[in-house]
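Have a look at the structure below before the remarks.
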Amino acid sequence: MDSKKENARSNPFVLLIKNRRAQFFLIAAVVIIVVVVSIVTISNYTEKRDVVKLYDLGQELGIEGQNVLDYGTYSELNEEQMKVLMDSFIKNYVSYLGNDKNIYFVYGNKQKINVAGYQEIMPEQVCIKTIILENVSSCTPYLTVGQAQEFASTGGDIDRVVIRIAETEYEFALSAGENFYFVIWQNIGGEKYVINSS
């Protein structure tokens, strides 16, 4: 008997369970741990879901943009009609997206390219370069938010378009015919996520 009592006294867990006050603190600690773990799990799940939505949005935009280009090509629209079609598509798509994303569109052909941007960052952090036969034009500040800015070829086909956003460059090679590219970026949980067509 004495050895059982001695074991009970030397084992702090047994003493803790016998003490009602200690039981209360033990239960409270477990409840607090469960609540904190639940909040962290829900927060991580929400951020991951937002990132997945952004990637899905990029895929959807690529498919829809290509369908609009195909429609314009099949309907044999001229250059001005194609621009009107793309402008309308972009404005409708941006209103569908909402205001929490930064998005830039590049569309047109090797003779004339259009760039439209919808962003939260300062406009002077964005610039456009058109590249003709490895000759880089100067960086043109893109200042008109929500309106397409036109860049026409000056002596040769435009091979590539580069959009520099806050010191990061996104380059798009132009193919023959009509082109459609985009860059979407969003801050999710303090991190920047970027989706682009390439």
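The values are calculated or read from the model by the stated rules, or taken from the named source; none is laboratory data. Worth saying up front: this structure is predicted, and the values here are computed from it rather than measured. Here Cβ is always computed from backbone atoms with ideal geometry, including for glycine, and neighbour counts include all displayed protein chains.
For the reader, a short list of remarks on this structure follows.
One line per residue, one yes/no per condition, for (1) touching a Gly at 6+ places or on another chain (Cβ under 6 Å); (2) in a strand (DSSP E or B); (3) modelled with pLDDT under 75:
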| residue | (1), (2), (3) |
| --- | --- |
| Y107 | no, yes, no |
| N114 | yes, yes, no |
| E120 | no, no, yes |
| C127 | no, yes, yes |
| I131 | no, yes, yes |
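- Within region 166-198, the residues that satisfy the criterion of being in a strand (DSSP E or B) and farther than 21 Å from Q59 by Cβ are T168, E169.
- Selected residue (criterion: modelled with the lowest pLDDT) from residues of region 133-157 that are among the aliphatic types (A, V, I, L, M) and within 24 Å of Y93 (Cβ to Cβ): L143
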